[in-house]
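Beneath this line is the structure, given in structure tokens, with notes to follow.
The values are calculated or read from the model by the stated rules, or taken from the named source; none is laboratory data. Treat the numbers as computed from the prediction; the structure is a model and nothing was measured. Note: ideal-geometry Cβ built from the backbone for every residue, glycine included; neighbour counts use all protein chains shown. To get the accessible areas, we keep the full protein, side chains included, count just its heavy atoms, and leave off ligands, DNA and RNA. Shrake-Rupley method; radii C 1.70, N 1.55, O 1.52, S 1.80 Å.
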Amino acid sequence: MAESWSFLDTFEPNFTPLVVIELAKGTKEETIEWFTKRIVDKKANGGAQLLVKPLVTENGDENTYLVGASHLRLLLGAETVGLVKECNDNSMRTFTYSSRKTFKDFADDNQNFLTMAECQYIIKHELENLRAKDEKMIPGYPQAKLYPGKSIVRRLLTSGILVQIFPLHDREELKKLRHSWYGRVKVGYQPLDEIRCYFGETIALYFGFLEYFTFALIPMAVIGIPYYVFAWEDYDKYVMFATFNLLWSTVILEVWKRICAIMTYRWGTLLMKRQFEEPRPGFHGVLGINPITGREEPVYSSIKRQIRIYLVSLPFVCLCLYFSLYVMMIYFDLEQWALDYHEENESNFSSLMLFVPSIIYAVVIEIMNRIYRYAAEFLTSWENHRLESSYQNHLILKVLVFNFLNCFASLFYIAFVLFDMKLLRQSLATLLITSQILNQFAESLLPYWLQKRHKKRMKKRICSLKTDTDLSLVEQVNLEKEMGTYFGTFDDYLELFLQFGYVSLFSCVYPLAAVFAVLNNITEIYSDALKMCRVYKRPFAEPTANIGVWQLAFETMSVISVVTNCILIGMSPQVNALFPDSKMDLILTVALVEHLLLAVKFIMAFVIPDKPRDIQIKLAKLEFESLEALKQQQMKLAAESLKE
């Protein structure tokens, strides 16, 4: 590939803007000149060999730049990042420029061989890999220190010189996607392949999981309705429903792994090799040498990080958990007050007042979850994790522990301390429905309304703009600059995780939970699609092969649901009547059943393969061909050395 860079020219007659770079107002000219020069410089000189064009605003400031690349440059970049494309023989292989003719739909004049999302991902990768050479600081900013190997873009971001980098929307493609995705109400599957081509694999995989989870909930909803109508107080009839729930939760998670493997193989990300992780932008420390790469980079003591985690973060999380339990006890005091008020008055108003404490508590839970999220992000950043994956794992662990306790502690207390099944049903229903309404409003409706208002104001400003630049492009860039930033699928998966808990943990008490979950998820698909297309900037595509740590989180929740449902069934009067003389026999029986169900779950998880047989064969075949090619290369080198 090194030979290919030598004949690559930065000139491109038909410049197509793909990525927007916004610098801070008042950025010094020498900084802009140095940064843009590094972007357009040849790879041999340490540049990114991309194309840059300034976007002139109404006041003449040039703090916004459009970045693109030639078709050849993008093809070479596709090889650098290890994109996997479909070959003419229908197999999936890592793209190489030298073997480009063997890939399906490739032609020298076919500009659509790479999707726009892939092109933007390549540009992002090249920009992030712009590294300092001999510079000791960013020109014009002596306080912004540099050292050999430091990412220039990350230093500009942390120094406040670079405001943001984001990919542009393709308005024509977005219009088509909106029409096929949520433009009309229909019963059918989402256009996941089109979503993947436009937004990338990570977001497409989330919508695929949301769709799959919604369909998987339908059997639970269908079975739950007659149980709710005909067997409300008859707990022994719930044994079959709870057993079905437990097996269902295992099967859907294992089947999802297979569906996920099929999709990601088709998209090529199942085969993409994991690249060596660079230090995350917020990581800081004294300058040292990485023993693996040999490059200079910040070094931070792992002992200091562990001290921060166990002596600061852990006590803070425990304090937050204690506060959550304290708020929960206030909620039970309100419940008692509402019950006493109803017994004294017994009117329609007093009946409605019985639901008020649960509604207030549900709102408080959502507020506490959001406040804690900010605190968890601050603490995890302060812990100074070197890798982004480590940062995400610690953040997810903090948030999941608090959200689980905050959302479900009251239900566990009602079920296993108060033994009040009627209050448990009422609280579960109120928490589930209220949280769904609040999430829909906070995540989609409110941002959409605010964005619509801002768009009207921005269009009025754009109409008065006088410039030779393409007016539609100026309007688009200025509109998208002010749009909200989509920070990833974390909150979306968290919402589904909590919903899964509401459905599975206490299924034998409130079978209608699945019904409300299905109704919520149907609207969630449309509201999230609207959010992605109309509210937020276009996020950069991020290749991924699965839903990551969330798969483990859902599996853990399904194991906990086995325990809770077995205990609830064991507490029912009908089951207690079978053991009138010995409570120990009841406890042992419940424990035995619980262990048997867990055993069945783990056996099913072992028996159901994570990948379909045909994909296993294709992956094994590719591995075999790679080993054979490596052997041939080694034999060729050995033969050449013998000749010498």
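Listed residues Ala107, Ala117; which is aliphatic (A, V, I, L, M) and assigned to a loop (DSSP other than H, G, I, E, B)?
Ala107
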Which one of these is in contact with a Pro (Cβ under 6 Å, 6 or more places away or on another chain) and either open to solvent by 10 Å² or more (accessible area, probe 1.4 Å) or at pLDDT below 90 (or both): Tyr212, Tyr238, Tyr189, Tyr228?
Tyr228
Could you grab the pairs with beta carbons closer than 8 Å, sequence gap of 6+ or different chains, first residue in segment 23-34 and closer than 10 Å to Tyr141 by Cβ, second one aromatic (Phe, Trp, Tyr)?
Lys28/Tyr141; Thr31/Tyr141
Okay, helices (runs of 4 or more DSSP H) sitting entirely in segment 149-263 with 1 or more residues that are over 23 Å from Ile122 (Cβ atoms), I get 152-158, 171-181, 201-230
Tally up the residues in segment 542-574 that are within 43 Å of the chain's Cα centre (by Cα) and either assigned to a helix (DSSP H, G or I) or of a type in the set (Phe, Trp, Tyr) (or both), please.
23
Of the residues Glu594, Glu555, which is surrounded by 19 or more Cβ atoms within 10 Å (Cβ to Cβ) and of a type in the set (Asp, Glu)?
Glu594
Go over the candidates Ala639, Ala545, Ala553, Ala605 one by one and state the one that is of a type in the set (Gly, Ala, Ser), touching a residue at least 60 places away in the same chain (Cβ under 8 Å) and more than 24 Å from Leu246 (Cα to Cα).
Ala545
Being modelled with pLDDT of 85 or more and under 30 Å from Glu126 (Cα atoms) is the requirement here; does Val559 meet it?
no
Yes or no: Gln426 among the polar types (S, T, N, Q), in the same structural domain as Leu496 (by the TED database) and open to solvent by less than 30 Å² (accessible area, probe 1.4 Å)?
no
Considering residues that are among the aliphatic types (A, V, I, L, M), under 22 Å from Val503 (Cβ atoms) and surrounded by fewer than 19 Cβ atoms within 10 Å (Cβ to Cβ), the number found within segment 519-552 is 5
Are there any pairs, at least 6 apart or on different chains, whose C-beta atoms fall under 6 Å, with the first in segment 247-262 and open to solvent by less than 20 Å² (accessible area, probe 1.4 Å) and the second outside any helix (DSSP H, G or I), and if so, which?
Glu254/Ile608; Cys260/Asn546; Ala261/Lys611
For residues that are free of Cβ contacts under 8 Å to residues at least 40 places away in the same chain and among the basic types (Lys, Arg), scanning just segment 74-107, find the one that is surrounded by the fewest Cβ atoms within 10 Å (Cβ to Cβ).
Lys101
Of all residues in segment 125-139, which are open to solvent by 10 Å² or more (accessible area, probe 1.4 Å) and farther than 24 Å from Leu76 by Cβ?
Asp134, Glu135, Lys136, Met137, Pro139
Considering Leu379, Leu395, Leu400, which residue is farther than 20 Å from Tyr493 by Cβ, open to solvent by less than 40 Å² (accessible area, probe 1.4 Å), out of contact with any Lys or Arg (no Cβ under 6 Å at 6 or more places or on another chain) and not charged (D, E, K, R)?
Leu379
Scanning segment 333-356 residue by residue, the ones that are in contact with a helix residue (DSSP H, G or I) (Cβ under 6 Å, 6 or more places away or on another chain) and under 30 Å from Pro315 (Cα atoms) total 1
